[in-house]
Amino acid sequence: MKLKKFVPVAAGAAVLMALAGCTGGGGSSDKATVNWWTWDPNQAAAYQQCIPGFEKENPNVTVKISQYQVSDYFTKITAGFVSGDAPDAFMNSVTFLQSYASQHQLLALDDKIKQDKVDMSQFAIGADAWKYTDGKQYALPMDWSTGVLYFNTDLLAKAGYTPEDAAKFTWNPQDGGTLWKAIKHLTVDKNGVRGDEPGFDSKNIATYGMSNLESTGDPFGQNAWGWILPNDGVNIPNKNQWATVFNYNDPKVVQGVKLVRDLANDGFTPQLNQFTTASNEQLASGNVAITLGGTWEASTYAALKDAKVGIAPMPAGTDGKRHAMSNSNGNNIWAGGKHIDQTWKWVSYQESEACQTKAATYNASFFPSIGASMEALTKQESAKLPDFHVFSDYVKNDELFPSPIYNNGSALTNAMVPQFEAYFTNKADESIFQKMQDQSKELLAKK
């Protein structure tokens, strides 16, 4: 599981050329430089804090951290596999697990884990997401992320809602539940009329009830509407690991996605790409009352000076339960690296409680996978943002489930994104969902 940051499924994908990685060794006492890559500048800076302690314990090993833009990142890694100069280890998205593992570019870590008696139970989130179809463990989980509701407390109070009310919002694919009801009431036109009152002018909005939910960046709305649907038992993949079809034409999926489009069409949320400002700025300015955002944005919302911000969990389903989709990035070792032993020393140190706690508390933009480290971060950040406990409550209440792991992610993204965009801009109707489902079955079966 995100969970760091969630990485768009289509990010920098390239066609992998078959190249069997050699299993370079390198004695643990040899001098070596271990190159570790990430796309996230925040994690690059955070894990830099662990290097002095590691190099003190391992004086023969030097660690170099490099960060690249996500648009180039996976292309660079793929090119490195082909040319033989890929990084020794790197942060990876589960989107590329199938491609990289099937081409034998990733080192299975089972023997290393057993040899050093790494306690995998310390990882509260994400470990199983990094097991390939052969049952082997190809990464240690680095972080996790999911969605929450950030709200402008003043705007909620004016509408008659309390933070406790926001924490109890529900959702269903029939009418949107109490969350949809709140979004309509929180929407105010330029004459001061609310969205659920007579005379509401949907064409002239002063404050939208919620930010736009019509994400088109991946095949299942991962960072927007795709966070809402599962909370009432709606899931697009037919199984969470190695799905064989995406059930786009499931009546609940169709109805749920239609509800999202109707919100924008009826003036309760902005149109797709209507605002050029970030969601946190929309919240601070009063353009929207609620935004749906990622866990990695918590520190950004906490720093807002023009608005008092609260945090609520994703809405629960009609059964009172919530199922929050969570993503976890992993720490992979390149099977073709020349310094496998030294690289494992760095990766296992990097994924220790001491390092994860140091990194996460240095930069709260990502949440550590190790439970004890997450507790330390929660204690620190709660002083700045009292509602920060919402994140740790997800873990405590066992409300997280991993985002789907599937084959051929780049092709799926390229096929589905334009169709979702056409739907959300009213250039296509619900008939596209069966077509998308048929396409997904074909693409998921390709190697």
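The values are calculated or read from the model by the stated rules, or taken from the named source; none is laboratory data. Source: prediction; values computed, not measured. Glycine also receives a Cβ, built like all others from the backbone with ideal geometry; neighbour counts cover every protein chain displayed.
Miscellaneous remarks
- Residues in segment 153-173 that are outside any helix (DSSP H, G or I), more than 26 Å from the chain's Cα centre (by Cα) and surrounded by fewer than 16 Cβ atoms within 10 Å (Cβ to Cβ): 2 in all.
- Put simply, of Asn238, Asn265, Asn287, Asn231 the only residue that is of a type outside the set (A, V, I, L, M, F, W, C) and crowded, with 23+ Cβ neighbours inside 10 Å is Asn231.
- Here is the figure for segment 22-45: residues that are within 27 Å of Gln103 (Cα to Cα) and modelled with pLDDT under 75 total 7.
- Residues of segment 117-140 that are modelled with pLDDT of 95 or more, of a type outside the set (Lys, Arg) and within 28 Å of Lys76 (Cβ to Cβ): Gln137, Tyr138, Ala139, Leu140.
- Note on segment 201-251: residues that are in a loop (DSSP other than H, G, I, E, B) and over 19 Å from Arg261 (Cα atoms) amount to 8.
- Each residue in segment 128-152 was checked for being within 20 Å of the chain's Cα centre (by Cα) and surrounded by fewer than 21 Cβ atoms within 10 Å (Cβ to Cβ), and 3 of them qualify.
- Boolean, Lys114 is in the same structural domain as Tyr394 (by TED's automatic domain parsing), of a type in the set (D, E, K, R), modelled with pLDDT of 95 or more and under 14 Å from Thr38 (Cα atoms): no
- Ser392 falls short on exactly one of the conditions (1) in contact with a Phe, Trp or Tyr (Cβ under 7 Å, 6 or more places away or on another chain); (2) of a type in the set (Ser, Thr, Tyr); (3) surrounded by 19 or more Cβ atoms within 10 Å (Cβ to Cβ), and that condition is (1).
- Failed criterion for Asp154 (all others in (1) under 30 Å from Ala224 (Cβ atoms); (2) at pLDDT below 95 hold): (2)
- Residues (at pLDDT 95 or above and either in a loop (DSSP other than H, G, I, E, B) or touching a helix residue (DSSP H, G or I) at 6+ places or on another chain (Cβ under 7 Å) (or both)) located in segment 350-360: Gln350, Glu351, Ser352, Glu353, Cys355, Gln356, Thr357, Ala359
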